[in-house]
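Down below is the structure, laid out as C-alpha cells.
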Amino acid sequence: MDRKIEMERRVFVMKLVSAATLLGSSGLALAETKPMVNEADPQAVNLNYKADAAGVKHAKFKPGQACSNCVLFQGKPTDAAGGCGIFPGKQVASKGWCAAYAKKA
C-alpha cells in the first residue's frame, strides 16, 4: 500500500474516533430511547411494579413513595420516566412504584 494513502487513512480513522468520542461525551449523540418496563414482565411482576403508584396495594407501600423519589431512579425527579438500577436497559415511570423502593436521602 502506498505510504501516503496509509497515512491519510490513519489520520481519517483518528479523526473519526475523536469525533465519535466528542459526540458521545458531549451528549450530542443521538438519544437512545429505552423501552418502558411492562408491568407484565416477569421481573416487574415479582417486584409488584406499577407504572402509577396511585393504584398500588402492597403491604410495603406507603403514600408518597414513587420511582421519582427512590435511590434507584436514574432520572431527575421532574422527568416523566428514567432508568432504574433494578430494570437495566429499560425506563420506569416517575409516578411508578415497586417493592425494591428505597427512599432517596
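Bear in mind these aren't lab numbers, they're just calculated from the coordinates by the rules spelled out. In this text, all values refer to a predicted model and were calculated from it rather than measured experimentally.
Computed over the Cα atoms of segment 35-105, pair by distinct pair, the Kirkwood hydrodynamic radius stands at 11.6 angstrom. For Gly82, the amide hydrogen comes within under 5 Å of the amide hydrogens of Val92, Ser94, counting only partners 5 or more places away or on other chains and with H modelled in the peptide plane.
Can you work out the Karplus-derived ³J(HN,Hα) for every residue in segment 80-97? Use 6.51 cos²θ - 1.76 cosθ + 1.60 with θ = phi - 60°, whole Hz, and x for glycine or proline. Each residue's phi maps through the Karplus curve to give 6, 8, x, x, 9, x, 7, 10, x, x, 10, 10, 10, 6, 4, 8, x, 7 Hz.
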